[in-house]
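Bear in mind that the values in this text are calculations on the coordinates, not laboratory data. Bear in mind the structure is a predicted one, so any value in this text is a computation, not a measurement. For neighbour counting, all protein chains shown are included, and Cβ atoms are generated from backbone atoms with ideal geometry for every residue, glycine included.
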């Protein structure tokens, strides 16, 4: 805590406060987020603190946080301290074209017109927060097509861009968003829009089950290396994951900021995490204490719970956002660390709660 350079945190904390003060959506299917009522006194104190947004004094920032926030250990559903596994994700860059041709053969899709999203909580209150996705066949709602079925279908979803490498396109869908460099030199953002409702399946485990890569070494880098050595089996490997992600195109307004997470705020590299909102509400500051990938070097950071992920399930899970580019991708691909996690909550608000 004493070693973390909090001068880089203050602007993120102020922006996070703006998100916390938004009215809570009436939709029961939205992820749980920290209650505005609990945070109003702290966020009001931010405005009167006199701490500048640019080049703030880290000692003043630390003192403010210590004066107003109380750390709470994250517990599992049985009330025990959660055993935390911290993985990493990032915003990748792919080379792509708006038209198919030459090396550009692998599509990244927009949301299909026939995708149905059904909010179960609107009918059954006990299922608040649960959504299912499917499509209408006759008068029946059936599961939406798998990744393989979409690729083989005559009627495919709208394509935003065609990518020059199937594995790079796949990993962008796993990250949930990314940037595409077009032949014109323009860079666009492919922001997460929706998914097909199918469960995520690890292609690393698929490779391990077939004796191709030991599970402990099934990093993104090793999977890419295997794919280059086995081009005839790449599509088989990719189809092992039935989940497909759909995107929307956005401009890259600020190259230093990442995509908007589930919380609705642009992510800052190494200051945001994805969480399971059953245990950690969106918007909450979290003190995270894992190690750097493949080392014993401490990675102690104040971060913000600003995103979710299909594979991030349980009190002991966090996905650390490394930022944009190749170096961020290298760190994210190698990261699977043990670490401790504390929720930082307003002192006057009592025990943490969501909504």
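Neighbour counts of other Cβ atoms within 10 Å put 119, 114 in the fewest-to-most order 114, 119. Each of 72, 322 was scored by other Cβ atoms within 10 Å of its Cβ. Listed from fewest to most, they are 72, 322.
Using only the Cα atoms of the range 155-275, what semi-axes does the equivalent ellipsoid have when each is the square root of 5 times a gyration tensor eigenvalue? Give whole Å, largest first.
Details: eigenvalues 140, 61, 46 Å².
Here the semi-axes work out to 26, 17, 15 Å.
Between the helical axis of 10-20 and the longest alpha-carbon principal axis of the chain there is an angle of about 80 degrees.
Which angle between 0 and 90 degrees, to the nearest 10, do you get for helix 58-68 versus the longest principal axis of the chain when only C-alpha atoms count? Rounded to the nearest ten degrees, it is 80. The long axis of helix 166-175 is offset from the longest Cα principal axis of the chain by roughly 30 degrees.
Could you list 189, 210, 140 in order of exposure, starting from the residue whose Cβ has the fewest other Cβ atoms within 10 Å? Walk me through the numbers before you get to the answer.
Numbers: 189 19, 210 12, 140 8.
Ranking 189, 210, 140 by Cβ neighbours within 10 Å, fewest first, gives 140, 210, 189.
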